[in-house]
Amino acid sequence: MAEDFISAPYARFSRNILELFEFVNVMIIQRTQLNSLTQKTVETFNMFPEALRRQIVPDHAYLPLKELVEKGIGVADIVRLYIPLVVELSFCRSVDYYLLYIAELLALIFHTKPQALKSKEQITLETVLEHSSFEELLETITEKKVLELSFMGVLALTDYLKKRLSFELFDGEDDLQKAIRIVEDRNLFIHNRGVVNKVYLNRLPQTALKLGDKLPVTPDNMFHDVSFLNEMVKATDSRAAGAFGIPRADTMPKSKIDEGIMKLPI
């Protein structure tokens, strides 16, 4: 399968991540860097396939920000105090986008290859009669299965896909363990304000963190983890295309900048 294969779930994930990094750069960028894209922005931009890069982040997108600063609006000095919060929120949102990609990919696989839903599970006659066509019934079964799989957790989901569909979600054990750690970091931020608890230590026994430690929050750490998730999505998308024949994206979702939703007051 071609390396630049892009499914609709991958296209949406890419657009979400790039919009998020547009936001992060607006929040943490230094005044002296406003005349050009930051290196992180360039790296983020370059990690996506050429087919997406041609349609994302027009050159004029950063002009309004430059003009605002030239007018002496010093919002950046205030916002810089909240960089750790911006990074934490952005990290959590990025992981959410990754988990959403997996759910949307599963739905696409089941729609493309309904036989992947085969199991010994039974449905009631009442459920069947509630639908006027097989297509509607298939939609309900798919939605139920995707929801069920989405709550499994990365490790359980990986085992399920390998055993039931002979599909590898990751290339190897190292990638799997890193993905588990990233998702658990997100869960710890969401459920315990980033403070290491016994649940986190039980799920990640290899961690160097101790009970009561606060997860580190830096732009570099976030960028590293999000870049890893993007690489996983790229590889997963390509394998799914080869294994299940999922279709390419017909259209690319537009970003807020493309749609004119993101307007700065100049």
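The values are calculated or read from the model by the stated rules, or taken from the named source; none is laboratory data. This is a predicted model, so every value here is computed, not measured. With ideal geometry, Cβ positions are generated from the backbone for all residues, glycine too; neighbour counts draw on all protein chains shown.
For Phe223, state whether it is aromatic (Phe, Trp, Tyr), more than 23 Å from Leu108 (Cβ to Cβ), at pLDDT below 90 and assigned to a helix (DSSP H, G or I). Answer is yes for this residue.
The set of residues from region 190-220 being more than 17 Å from the chain's Cα centre (by Cα), of a type in the set (A, V, I, L, M, F, W, C) and part of a helix (DSSP H, G or I) comprises Val199, Leu201. Selection of region 56-83 for residues being modelled with pLDDT under 60, β-branched (Val, Ile, Thr) and outside any loop (DSSP other than H, G, I, E, B) yields Val69, Val75, Ile78.
Entry remark, region 172-189: residues being surrounded by 18 or more Cβ atoms within 10 Å (Cβ to Cβ) and outside any helix (DSSP H, G or I) number 0 in total.
How many residues does region 84-142 hold that are at pLDDT below 65 and either among the aliphatic types (A, V, I, L, M) or buried (at least 16 other Cβ atoms within 10 Å of the Cβ) (or both)? Result for region 84-142: 10.
If the condition is being over 15 Å from Glu184 (Cα atoms) and either hydrophobic (A, V, I, L, M, F, W, C) or part of a loop (DSSP other than H, G, I, E, B) (or both), then region 152-171 contributes Leu161, Leu165, Ser166, Phe167, Glu168, Leu169, Phe170, Asp171.
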